[in-house]
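Below: the structure, in structure tokens.
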Amino acid sequence: MKMNRVRTLRGRIDIASGTTGKDQLIVDDGLLNRGYRVTGFFVWGASGGDTSFMATLSMNPKTLTGEMDSGNNSQIGWTFLGGGAGASIDRIIDPDHVIVRDLYITIERAGGAENFNYMIVVEEYSITDEEAIINIIKEGSQSL
């Protein structure tokens, strides 16, 4: 694998209280020898308030389970803010992944109606055919 450049994926998702928002960040372009590795995953309320939320990065559209599932190989990043005074945002990114086809963000369990901003930092890589095949299998939530 050879790193080519760093990119940022930024946007905003509007959430009504108790609902879910989704966005597709990377769309399969058919170029299997280009992959991306997430190095940063940031979500925050547009008002700067302390509205609780749960956000997931996944290589498959996430079903609305209301769970962050590290046993699901297609989920690669989690960011969340619990309720309560003094709560802080926690971020977890699986370092063992390369996105070849699609990437989705899902924001759930918002404590109130809020507009959420996100910024995902990715490194773009040139990958071999073999590396592409292995990572496509992993995207399908299959263990290797």
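Looking at region 65-109, which of the residues that are assigned to a loop (DSSP other than H, G, I, E, B) and either closer than 14 Å to Phe42 by Cα or among the acidic types (Asp, Glu) (or both) is modelled with the highest pLDDT? Ranking the qualifying residues of region 65-109, first place goes to Asp94. Evaluating Ser126 against the criteria (1) modelled with pLDDT of 90 or more; (2) within 20 Å of Gly11 (Cα to Cα); (3) surrounded by fewer than 17 Cβ atoms within 10 Å (Cβ to Cβ) leaves one unmet condition, (2). Residue pairs whose Cβ atoms lie under 9 Å apart, sitting 6 or more positions apart in sequence or on different chains, and linking a residue in region 102-126 that is without any contact (Cβ under 8 Å) to a residue 60 or more places away in the chain to a partner that is crowded, with 21+ Cβ neighbours inside 10 Å and not in a strand (DSSP E or B), do not occur here. When you check Val43 against the structure, is it in contact (Cβ under 8 Å) with a residue 12 or more places away in the chain and over 19 Å from Asp96 (Cα atoms), yes or no? In short, yes. Pairs are defined by a Cβ separation below 8 Å, a sequence spacing of at least 6 or placement on different chains, a first member in region 21-33 that is over 20 Å from Met54 (Cα atoms) and touching a residue at least 60 places away in the same chain (Cβ under 8 Å), and a second member that is surrounded by 14 or more Cβ atoms within 10 Å (Cβ to Cβ) and small (Gly, Ala, Ser); the pairs so defined are Leu32/Ala132; Asn33/Ala132.
For every residue, the table says whether it meets (1) modelled with pLDDT under 85; (2) surrounded by fewer than 17 Cβ atoms within 10 Å (Cβ to Cβ).
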| residue | (1), (2) |
| --- | --- |
| Val6 | no, yes |
| Ile13 | no, no |
| Ser17 | yes, yes |
| Lys22 | no, yes |
| Val27 | yes, yes |
| Gly30 | yes, yes |
| Arg37 | no, no |
| Trp44 | no, no |
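When you scan region 133-141, do you find a residue that is among the β-branched types (Val, Ile, Thr), over 20 Å from the mean Cα position of the chain (by Cα), assigned to a loop (DSSP other than H, G, I, E, B) and at pLDDT 80 or above, even just one? Checked region 133-141: no residue is among the β-branched types (Val, Ile, Thr), over 20 Å from the mean Cα position of the chain (by Cα), assigned to a loop (DSSP other than H, G, I, E, B) and at pLDDT 80 or above.
The values are calculated or read from the model by the stated rules, or taken from the named source; none is laboratory data. From a predicted model like this one, the values you see are computed outputs, not experimental measurements. With ideal geometry, Cβ positions are generated from the backbone for all residues, glycine too; neighbour counts draw on all protein chains shown.
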